[in-house]
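The structure appears below as structure tokens.
The values are calculated or read from the model by the stated rules, or taken from the named source; none is laboratory data. Computed from a predicted structure; not experimentally measured. Neighbour counts run over all protein chains shown; Cβ positions are idealised from the backbone, glycine included.
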Amino acid sequence: MLKDLRSFLRLLEQREDLVHIAEPVSPRFGVAAGIRKTSDLKGPALWFDHVIGSSMPVVGGVYAARRRALWGLEIGSTEIASLSEWFMRGLRNPIPPKVVGDGPCKEVILKGDEADFGRLPICTHNADDAGAFITMGIQFAVHRTYGPNASISRMQIFDGQTAGVLSPQAQQLGIYFADAEARGEPLQVAVAIGNDPYVTFCSQIQGNIYLDELTVAGGWMGEPVEVVRCETIDVCVPATSELVIEGEMVPGERREEGPFGEYPGYYGPPGKRPIFRLKAITHRRDPIYLAGLTGRPTTDNHVMRQIPFEAIMYDRLRQICPTIKDVCATDGSATKHVAISIRQTFASQARDVMLAALTVERIRPKLVVVVDDDIDVRDPEQVEWALAFRVQADRDIAIFPRGIGQNLDPSTPVPGVGTVMAIDATRPFGASFWKVAEVPGADRFAIPGWTDADGKAVRTG
């Protein structure tokens with residue numbers, strides 16, 4: 001069981017999917033440049049041994065490849081049915097966290113003037129970013145009605161003691177802060193950096209506001225997540241975190257935050273955001289700082305969104321279409337485009353799946369394509385083939401204006417409101433259709449050095 005970031009990094013080293021960068025690298029663009037490069041290549045995670053101006057190493061790109069995310073969650077199969085079953089097990093069999101007296105994240109405690117953001121190798125990522133941002137910090141907060149919440153929101157560093165937090169009111173952290181601010185109270189927030197994959201991925205679940213995400217991580221692990229109480233605020237955090245930042249979101253104060261290169265690949269505009277005031281920093285001895293890149297797909301941010309997106313959507317759609325085969329959030333779309341394969345059993349089934357996929361909880365894709373089960377939705381060439389030769393635009397494309405859009409989608413005429421589209425790329429059910437040309441034995445033909453014994457297209461030499 002991978003119970004902390006360090007055990008996960010050891011696994012990646014064993015599998016030769018973590019590379020150490022020995023030469024000095026700047027936290028201003030240098031770390032991000034390495035993560036951008038390896039993300040584009042679907043290459044290894046990077047461990048930056050010497051980050052200029054800091055004694056802490058930085059690890060980045062850990063989840064920028066889907067294979068590493070699945071290894072971290074210890075999911076043996078890549079099949080969507082197995083992934084969804086595993087994912088939903090945590091939601092349906094939650095195990096509450098266990099409060100322990102002490103943990104590795106408290107081996108070093110810094111309060112007062114000693115607590116300073118300048119101690120951390122916080123990175124500047126994109127050319128026009130407003131400054132350095134914490135991008136892989138999990139915010140833990142508690143609401144007196146809704147309970148605990150774990151989520152990831154970007155934080156721009158203003159100075160050694162203050163930061164800005166992007167916390168839209170549609171998201172739980174924003175709701176929590178709005179309620180506290182209405183009472184004239186600060187919202188206590190702890191930011192944990194460098195956690196095990198289970199805790200990291202539970203923070204990406206969208207859904208019931210009453211859900212304590214750490215109970216889902218416990219359900220996945222089959223045992224409680226051990227948490228410790230913070231030093232200066234009444235919030236609990238995972239005991240094995242590398243670093244914990246304690247503080248408060250201040251009521252009645254705002255400061256210009258942004259721009260920042262966000263997950264659609266464009267700069268999110270600046271705006272007046274709530275202020276986070278630092279109270280304490282605790283960390284492990286010789287802590288490892290975890291950096292994550294967002295921006296143009298595919299990076300850590302996108303993979304971390306894709307896996308929960310696909311698992312939850314598959315589970316919901318299977319309830320209306322038991323013959324669903326696969327759900328794929330396409331790599332270039334940042335989960336805004338989804339391809340779904342089904343085995344049709346009645347004439348309107350593809351349309352039913354299209355409509356359902358457009359309204360699954362808060363996931364809300366922008367484009368849905370439904371194909372037959374002979375199409376591999378994880379192969380863009382096959383999906384394009386279905387679009388080219390199984391679709392007539394006047395018959396098979398449905399457009400729905402004034403749907404729920406994305407605030408960070410620059411194409412929407414009004415933030416949060418946009419047009420969505422669905423395409424039926426299946427063959428007409430029950431009607432004759434041209435037969436696909438197949439070459440007998442091609443799938444089993446092995447090319448030495450280029451395919452394995454099963455004929456899979458993997459270079460082996």
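One residue stands out in segment 56-85 among those that are among the polar types (S, T, N, Q) and without any contact (Cβ under 8 Å) to a residue 24 or more places away in the chain: the one that is nearest to S39 (Cα to Cα), namely T78.
Screening the candidates V244, V237, V303 for the property of being over 27 Å from G30 (Cβ atoms) and among the aliphatic types (A, V, I, L, M) yields one hit, V237. When restricted to residues that are within 23 Å of N208 (Cβ to Cβ) and among the basic types (K, R), segment 41-94 contains 2. In segment 105-117, the count of residues that are surrounded by fewer than 21 Cβ atoms within 10 Å (Cβ to Cβ), of a type in the set (G, A, S) and either part of a loop (DSSP other than H, G, I, E, B) or at pLDDT 95 or above (or both) is zero. Does at least one position in segment 190-199 carry a residue that is in contact with a Gly (Cβ under 7 Å, 6 or more places away or on another chain) and among the acidic types (D, E)? No, segment 190-199 has no match at all. Screening W385 on (1) exposed (fewer than 15 other Cβ atoms within 10 Å of the Cβ); (2) out of contact with any Phe, Trp or Tyr (no Cβ under 7 Å at 6 or more places or on another chain) shows it passes everything except condition (1).
In segment 335-444, counting only helices (runs of 4 or more DSSP H) that sit wholly within it, the ones holding 2 or more residues that are under 19 Å from R318 (Cα atoms) span 349-357.
Considering segment 332-372, and only residues there that are over 14 Å from M421 (Cα atoms) and among the basic types (K, R), the residue that is surrounded by the most Cβ atoms within 10 Å (Cβ to Cβ) turns out to be R343. Between D300, D286, the distinction of being surrounded by fewer than 18 Cβ atoms within 10 Å (Cβ to Cβ), closer than 30 Å to F133 by Cα and not aliphatic (A, V, I, L, M) belongs to D286 only.
This table checks each residue for (1) surrounded by 12 or more Cβ atoms within 10 Å (Cβ to Cβ); (2) charged (D, E, K, R); (3) modelled with pLDDT of 80 or more; (4) farther than 22 Å from C321 by Cα.
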| residue | (1), (2), (3), (4) |
| --- | --- |
| D396 | yes, yes, yes, no |
| P415 | yes, no, no, yes |
| V420 | yes, no, yes, no |
| T460 | yes, no, no, yes |
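If you go through segment 154-165 and keep only what is crowded, with 21+ Cβ neighbours inside 10 Å and either polar (S, T, N, Q) or part of a loop (DSSP other than H, G, I, E, B) (or both), you end up with R154, Q156.
For segment 394-414, the criterion of being polar (S, T, N, Q), out of contact with any strand residue (DSSP E or B) (no Cβ under 6 Å at 6 or more places or on another chain) and in contact (Cβ under 8 Å) with a residue 12 or more places away in the chain is met by at least one residue. Just one of the numbered conditions (1) modelled with pLDDT under 95; (2) in contact with a Pro (Cβ under 7 Å, 6 or more places away or on another chain); (3) farther than 21 Å from M421 by Cα is not true of R284: (1).
A quick yes/no check of all residues on (1) at pLDDT 95 or above; (2) more than 14 Å from E248 (Cα to Cα); (3) in the same structural domain as A132 (by TED's automatic domain parsing); (4) touching a helix residue (DSSP H, G or I) at 6+ places or on another chain (Cβ under 7 Å):
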site: V165; (1), (2), (3), (4): yes, no, yes, no
site: Q169; (1), (2), (3), (4): no, yes, yes, yes
site: R183; (1), (2), (3), (4): yes, yes, yes, no
site: V191; (1), (2), (3), (4): yes, no, yes, no
site: Y198; (1), (2), (3), (4): yes, yes, yes, yes
site: Q206; (1), (2), (3), (4): no, yes, yes, no
site: I209; (1), (2), (3), (4): no, yes, yes, yes
site: T215; (1), (2), (3), (4): yes, yes, yes, no
site: E223; (1), (2), (3), (4): yes, yes, yes, no
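Only one of the numbered conditions (1) touching a His at 6+ places or on another chain (Cβ under 6 Å); (2) over 19 Å from K111 (Cβ atoms) is not met by P308, and that is (1).
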